[in-house]
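Accompanying notes for the structure given below.
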Amino acid sequence: MHTRRRGIAGSKKLLLAPTPAWVAYKPEEIEALVVKLAKQGLSKSQIGLTLRDSYGIPDVEKILGKKLGKVFQEKNIVPELPEDLHALIKRAANIKKHMETHRKDMHSKRGLQLTETKIFGLARYYKNAGRLPVDWKYV
């Protein structure tokens, strides 16, 4: 966004890949696992990784026919902050902590400015979309 890097080249998922026949879980069991992991405090991406690595479920969306966010909405376990905004706030907090001990680190100061700009833009988007309260402020 703020750098001169190149695009996001890389492998992509197949659009119409069939559900693998070797998956041992039924959709109801997978939803129960998702709810259990969400109540343990895991984010959507962490749940996806856990399901892939520990339970052998390659793609939740292919099996359930809906994304994890939709399952969260149906079960009323939507987190108060969206995951990407939460990650940016954590990153900004780490940079601020670093800046307390290294006051002359101008590269980190620039990184903090860029991270906070991303936070403000994302917060504006989520306020307009109704995912955040209108009076929410990043401090």
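The values are calculated or read from the model by the stated rules, or taken from the named source; none is laboratory data. This is a predicted model, so every value here is computed, not measured. Every residue, glycine as well, gets a Cβ built from its backbone with ideal geometry; the counts of neighbours run over all protein chains shown.
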* Which listed residue is exposed (fewer than 12 other Cβ atoms within 10 Å of the Cβ), in a helix (DSSP H, G or I) and out of contact with any Cys (no Cβ under 7 Å at 6 or more places or on another chain), from GLU100, GLU116 -> GLU100
* Does any residue of the stretch 83-105 turn out to be touching a Lys or Arg at 6+ places or on another chain (Cβ under 8 Å) and under 28 Å from GLY130 (Cβ atoms)? -> yes
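For ARG124, state whether it is at pLDDT 95 or above and either surrounded by 14 or more Cβ atoms within 10 Å (Cβ to Cβ) or not assigned by TED's automatic domain parsing to the domain that holds GLY69 (or both).
Working: at pLDDT 95 or above: yes; either surrounded by 14 or more Cβ atoms within 10 Å (Cβ to Cβ) or not assigned by TED's automatic domain parsing to the domain that holds GLY69 (or both): yes.
Criteria met by ARG124.
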* Asked: So how many residues does the stretch 62-92 have that are touching an Asp or Glu at 6+ places or on another chain (Cβ under 9 Å) and assigned to a loop (DSSP other than H, G, I, E, B)?
  -> 3
* Asked: Can you spot a residue in the stretch 8-25 that is outside the structural domain of TYR125 (by TED's automatic domain parsing) and touching a Ser or Thr at 6+ places or on another chain (Cβ under 9 Å)?
  -> no
* To do: Can you give me the number of residues within the stretch 74-89 that are under 12 Å from the mean Cα position of the chain (by Cα) and of a type in the set (Asp, Glu)?
  => 2
* **Index of the failed condition, ALA92 passing every other in (1) modelled with pLDDT of 95 or more; (2) within 30 Å of LEU16 (Cβ to Cβ)** => (2)
* To do: Return the pairs, sorted by first residue and then second, in which the second residue is surrounded by 12 or more Cβ atoms within 10 Å (Cβ to Cβ) and of a type in the set (Asp, Glu), the first residue lies in the stretch 66-91 and is closer than 19 Å to LYS118 by Cα and without any contact (Cβ under 8 Å) to a residue 60 or more places away in the chain, the beta carbons are less than 9 Å apart, and the residues are 6+ apart or on different chains.
  => LEU88/GLU116
* Please go through the stretch 92-101 and pick out each residue that is farther than 20 Å from MET1 by Cα and touching a residue at least 24 places away in the same chain (Cβ under 8 Å). => none
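For (1) under 24 Å from ALA87 (Cβ atoms); (2) at pLDDT below 95; (3) among the hydrophobic types (A, V, I, L, M, F, W, C); (4) more than 21 Å from the chain's Cα centre (by Cα), each residue gets a yes or a no:
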residue	(1), (2), (3), (4)
MET1	yes, yes, yes, no
ILE8	yes, yes, yes, no
LEU16	no, yes, yes, yes
LYS44	yes, yes, no, no
ILE47	yes, no, yes, no
